[in-house]
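As structure tokens, the structure follows; a few thoughts come after it.
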Amino acid sequence: MNARFLLGALALTILVLLVWELRWVLLVLFGAVVLAVALDVPIMRLRSLLRINRPAALAVVLVVLLLGIWGLITLLLPELIEQVQQLLALMPALARRLATFAARIPWLPNLEQQLIQSNYWERLQPLGGQLLGVAGGAASSTIQLLLMALLAVLMVLDPRSHTRLLVAMTPAFYRPRMRVMLENCREALGGWLAGMTLSALVVFLSTWAGLALLGLPLALLSGLICGLLTFVPTVGPTAASLVPLAVALLVSPAKMLQVLLLRLFVQNAEAFLLTPLLLNRAVNLLPTVALMSQLCLGALLGLPGVLLALPLVVVLQVICEQLLVQDIMDRWHGDAAS
């Protein structure tokens, strides 16, 4: 028994170390699964309407997606570039405005003097090397995204073969249960993606329209940032509000208050009305679970871990409910005599 225990512990340790060494490969693989599920949702709808085969449906979805992206780029990219340039031009004015407000607070330390006295300039000397590291990281991320997209297309072309591969890796007595579990994971992940996409689109349009009605500069850029960061719940909407609030501060404190009220209304409507309405049948994640998953994966894997934290939790929740709760805990009957 001791030898078996030691052998099992050694095998488990090696497995954990192997998973840790391959964490980026597994992250790319899971990202490909998320993209494959996102593509599979419209493919299934298209096949049910037109009765075409999967490669043809995938081709139609990809063409429509590329045309839609190209149209959005053609319509919005020039204005976005102009607004980004405006934002960069407004940064010195924003810094001066913040310095003015800081000067009115007597207990706030003089940050400029602290930077000079702490010799922060010497710490910024290897900035060129840091920029090269950022450029290398951007190139590596681009390659990972391309591999993720390629894997997603390969998966969505033949999902049954990949499902059979996963089922074949389980014991024979559990294979029917494994098929049901994989299908439930796919439905939960697809429902989450569809719900969050619609929610992000509503947040983008409502924020853009609201800021435009308030006459705030950079309304399109601010709305786009708020919409994209909707995919990072709890932390994302709060961080997204910083850009329109900073721009509004340059106009007037009254305008900043109006933007704050607008963002509070949109954010609360999305969090307490829209998202529960869209996700009530797909998944029910506790806010604490969502936040802790983002913190843990963000600490381990950085920004990609934060972006993929919630899809991973959606899948793990289905697996835990069916494997751990239903198949193990619900059938675990202790000895009443003991």
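Structure summary
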| read-out | value |
| --- | --- |
| Note, ³J(HN,Hα) from phi for the stretch 24-39, Karplus 6.51, -1.76, 1.60, rounded to Hz, x at Gly and Pro | 6, 5, 5, 5, 5, 5, 5, x, 5, 4, 5, 5, 4, 5, 4, 6 |
| Peptide ranges 262-270, 80-88, 13-21 listed from the most packed, as the mean C-beta count within 10 angstrom indicates | 262-270, 80-88, 13-21 |
| Theoretical FRET efficiency, 1/(1+(r/R0)^6), r = Cβ-Cβ of Leu157 and Ser252, R0 51 Å, to 0.05 | 0.40 |
| Extension gain from Leu6 to Ala56, taking 0.36 nm per residue of separation minus the Cα-Cα distance | 12.7 nm |
| Semi-axes of the equivalent ellipsoid for the stretch 174-254, Cα gyration tensor, largest first, Å | 39, 11, 6 |
| By average C-beta atoms within 10 angstrom, highest first, the peptides 309-320, 290-301 | 309-320, 290-301 |
| Zone residues, the stretch 27-47, relative to Ile69, backbone N less than 17 Å from point 7 Å out along Cα-to-Cβ | 31-43 |
| Cβ-derived FRET efficiency at R0 22 Å, Phe272 paired with Ile328, nearest 0.05 | 0.05 |
| Modelled FRET efficiency - R0 41 Å, Leu26 with Leu214, Cβ distances, 0.05 increments | 0.35 |
| Euclidean distance between Cα centres, the stretch 73-87 to the stretch 24-44, Å | 30 Å |
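Readers should treat all values here as calculations from the given coordinates under stated rules, not as data from a laboratory. Keep in mind that what you see is a predicted model, and the values were worked out from it rather than measured. Every residue, glycine as well, gets a Cβ built from its backbone with ideal geometry; the counts of neighbours run over all protein chains shown.
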